[in-house]
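Right, one structure below, let's go through it.
The values are calculated or read from the model by the stated rules, or taken from the named source; none is laboratory data. Everything numeric here is computed off the predicted structure, so don't read it as measured data. Virtual Cβ from ideal backbone geometry, glycine too; neighbours counted across all protein chains shown.
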Amino acid sequence: MQLDWTCRFGNAKAILQLKKSLNLGEVPHHFQIIANKLLELEGTFSDGFDSNITYLLNKKNWNLTNCTDGKPPVILKKHCHQYAFDLHCFPVINDEPQAQIKPFAANSPFKEYNPASLGPVLSIPKLQDFIAITIRCGDEADIELLKYAHMLIEQLLQLLQASLQVIESSGQSIQGLFLSVEQEIKDMKTMGA
């Protein structure tokens, strides 16, 4: 399936309305899970909901003496597993990314940020399953929701890269994940034929 990864919609609510119109008012559970997470992410920026993202971006939480050019050094890592698509942020201390930091550690670029206890900056549950369902039998709303998720994550990454000293950013984008799952499904069909 060749996709243009530009989303036609400006928010998750509009895509939810499209799904309802295509499904006679019904919204499947797998679709609702992804849409709810994207609505939550939108709320982080429009309504100021507290989250790991707002913590990282709030300069009051930075330990400026340990920042590089006035910004906390971090490594961003996207990771997808059977349960979720996660975006992790690991502060860099002594040129090494740290998965666990004690609160108020003297050499941390953040005052209290501990990736081990706070978890991912963002987690989208069951994204890989949703991608597989979309490839096999998805409709226009499913495709648009994936495009919108991709766009939001890329915008979040750009914001983090502009605000923090990102030493490294790794992992597959949602678009890359989609292409990988699509290839796996093709390969399974070929082996089964």
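Here are the numbers:
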read-out	value
Residue check, A106 small (G, A, S) and in a loop (DSSP other than H, G, I, E, B)	yes
Residue in the stretch 52-63 that is in contact with a Pro (Cβ under 9 Å, 6 or more places away or on another chain) and not in a helix (DSSP H, G or I) present	yes
Conditions (1) in contact with a strand residue (DSSP E or B) (Cβ under 6 Å, 6 or more places away or on another chain); (2) within 23 Å of S170 (Cβ to Cβ): number failed by L57	(1)
Considering residues of the stretch 112-125 that are in contact with a strand residue (DSSP E or B) (Cβ under 7 Å, 6 or more places away or on another chain) and assigned to a loop (DSSP other than H, G, I, E, B) only, the residue farthest from P28 (Cα to Cα)	Y113
Residue within the stretch 156-163 that is over 30 Å from W62 (Cα atoms), modelled with pLDDT of 95 or more and in a helix (DSSP H, G or I) present	no
Of all residues in the stretch 21-69 being aromatic (F, W, Y) and farther than 24 Å from I131 by Cβ, the one that is modelled with the lowest pLDDT	F49
Subset of the stretch 33-51 (residues that are polar (S, T, N, Q), in a helix (DSSP H, G or I) and surrounded by 13 or more Cβ atoms within 10 Å (Cβ to Cβ))	N36, T44
